[in-house]
């Protein structure tokens with residue numbers, strides 16, 4: 001069965017519509033993730049070339065090393081609590097992100113939120129695949145230097161050698177996700193710890209070559225002090241939160257597999273503050289050692305590995321970053337669009353088919369153009385990313401403030417007008433308006449040069465605007481609220497004084 005979910009492990013609502021229901025989107029009855037699986041999921045998300053570059057960049061902002069560490073700790077602790085909040089609907093209902101969105105956006109309006117998140121994931125899926133393919137090229141040229149000539153021949157902006165490496169990486173990822181969620185779970189269970197072992201080995205080798213006395217937690221010159229340093233620390237903290245905004249908003253795609261919130265919180269603690277801080281320290285030490293060893297700072301781990309004068313080490317290092325990138329691509333950029341696109345047409349699109357749509361789409365966006373043009377990637381991905389904050393704000397505000405955690409599982413799959421989440425023809429105008437308001441405000445910081453100095457805060461501003469606008473609009477819709485309350489009382493009476501439970 002697609003998604004690795006066996007028959008009998010899900011709950012089928014009695015009046016589910018095939019326009020809203022399939023086996024992969026159904027509420028899970030059997031949960032098989034404990035805290036360790038959540039921990040490994042975050043390891044796979046953090047341990048990547050992109051994660052390494054991001055962590056290293058924070059230590060090159062012109063702040064002292066201890067100041068960056070403070071920003072990392074504060075930022076990642078905030079991420080942990082934000083993730084715990086958005087995880088609750090997934091744990092309680094056992095449903096993925098696009099189905100959770102039906103609570104606030106309506107049974108059909110949820111497709112708006114799902115498609116936005118899915119498109120962002122498709123773009124990043126291609127970029128991460130391209131980054132990993134560069135590591136594969138390092139290995140190929142190490143054994144077959146005569147193939148370097150194919151690196152000078154281009155098709156659609158990518159060299160022949162680049163196409164070979166990109167498609168090999170594309171196929172490797174396909175072989176993992178085609179076997180479904182159980183196979184993905186097995187992969188991330190060993191990939192994250194395995195990458196850590198090699199990262200620690202690389203750090204140890206670099207320290208041995210450089211000498212401990214030449215290691216510093218500050219990369220480059222300290223440029224700021226006093227009030228300027230404090231402002232840069234706030235910016236760095238916000239960057240940490242923004243970096244995790246993608247997997248954070250659709251975290252219910254993973255929390256739905258968890259046994260309970262206790263497991264989620266424990267896994268998030270080890271996977272976010274502990275893991276991210278440890279990985280960042282390994283990153284800055286390794287990067288710092290590149291100056292005395294190679295004569296310059298190298299922030300790209302693939303380039304560091306390529307300069308190591310040992311074939312075994314080069315192959316092992318490159319293979320590690322390839323595995324790491326497959327891990328983050330599956331966690332952050334495959335699972336989400338697989339569910340998101342399946343939600344658009346559940347009758348025809350399964351988890352696997354949704355993932356294939358994302359994978360094929362990642363080729364057509366030609367990610368090498370995005371990666372090699374900071375301006376293009378800024379306007380393309382930041383424009384889509386401006387919607388991530390409002391999506392998060394609306395989901396959390398709806399669950400904790402508007403709904404007060406009173407949920408009706410069966411109605412998430414009902415296309416009947418008396419369904420609790422039907423709103424107006426399956427769309428909730430309040431959620432759509434709140435999304436637009438949050439998106440427009442966040443977008444201002446992306447496209448207006450005078451406001452760009454606040455661009456690092458666009459996620460938080462978008463989330464706040466989206467949440468407050470949604471709550472205000474929902475409370476102002478008195479007629480709709482009365483009708484919803486009446487349906488709720490009727491359903492609670494039928495189910496015995498409480499919201500519709502998830503059958504076991």
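The conditions are (1) modelled with pLDDT under 90; (2) closer than 30 Å to residue 24 by Cα, and residue 145 fails exactly one of them. Which is it? Looking at each condition in turn, residue 145 falls short on (2). All of 190, 163 fail the test of being in contact with a strand residue (DSSP E or B) (Cβ under 9 Å, 6 or more places away or on another chain), farther than 24 Å from residue 354 by Cβ and either without any contact (Cβ under 8 Å) to a residue 40 or more places away in the chain or in a helix (DSSP H, G or I) (or both), apart from 163. Taking region 24-142 as the region of interest, the helices (runs of 4 or more DSSP H) fully inside it that hold 3 or more residues being touching a helix residue (DSSP H, G or I) at 6+ places or on another chain (Cβ under 8 Å) and modelled with pLDDT of 90 or more are 35-46, 65-93, 97-105. Among the listed residues 61, 69, 25, identify the single one that is under 21 Å from the mean Cα position of the chain (by Cα) and either touching a residue at least 12 places away in the same chain (Cβ under 8 Å) or more than 28 Å from residue 430 (Cβ to Cβ) (or both). After ruling out the rest, the residue left standing is 25. Screening region 401-431 for residues that are out of contact with any helix residue (DSSP H, G or I) (no Cβ under 7 Å at 6 or more places or on another chain) and part of a helix (DSSP H, G or I) and picking the one that is surrounded by the fewest Cβ atoms within 10 Å (Cβ to Cβ) gives 429. One residue alone among 478, 458 is at pLDDT below 95 and surrounded by 22 or more Cβ atoms within 10 Å (Cβ to Cβ), and that residue is 458.
Of all residue pairs spaced 6 or more apart or on separate chains, those with beta-carbon atoms under 7 Å, a first member in region 275-286 that is in contact (Cβ under 8 Å) with a residue 12 or more places away in the chain and a second member that is buried (at least 24 other Cβ atoms within 10 Å of the Cβ) and not in a helix (DSSP H, G or I) are 279/47; 284/59. Can you name every residue in region 169-190 that is surrounded by 16 or more Cβ atoms within 10 Å (Cβ to Cβ) and over 16 Å from residue 334 (Cα atoms)? 189, the sole residue that qualifies.
Kindly establish whether residue 211 is modelled with pLDDT of 90 or more and more than 30 Å from residue 459 (Cα to Cα). Against the criterion (modelled with pLDDT of 90 or more and more than 30 Å from residue 459 (Cα to Cα)), residue 211 qualifies.
Residues considered: 112, 131, 140. Of these, the only one that is under 21 Å from residue 416 (Cα atoms) and in the same structural domain as residue 315 (by TED's automatic domain parsing) is 112. If I filter region 206-222 for residues that are surrounded by 14 or more Cβ atoms within 10 Å (Cβ to Cβ), in contact with a helix residue (DSSP H, G or I) (Cβ under 9 Å, 6 or more places away or on another chain), assigned to a helix (DSSP H, G or I) and without any contact (Cβ under 8 Å) to a residue 12 or more places away in the chain, do I get at least one hit? Looking for residues that are surrounded by 14 or more Cβ atoms within 10 Å (Cβ to Cβ), in contact with a helix residue (DSSP H, G or I) (Cβ under 9 Å, 6 or more places away or on another chain), assigned to a helix (DSSP H, G or I) and without any contact (Cβ under 8 Å) to a residue 12 or more places away in the chain, one finds none in region 206-222, hence no.
The values are calculated or read from the model by the stated rules, or taken from the named source; none is laboratory data. Just so it is clear, the structure is predicted and the values come from calculations on it, not from any experiment. For neighbour counting, all protein chains shown are included, and Cβ atoms are generated from backbone atoms with ideal geometry for every residue, glycine included.
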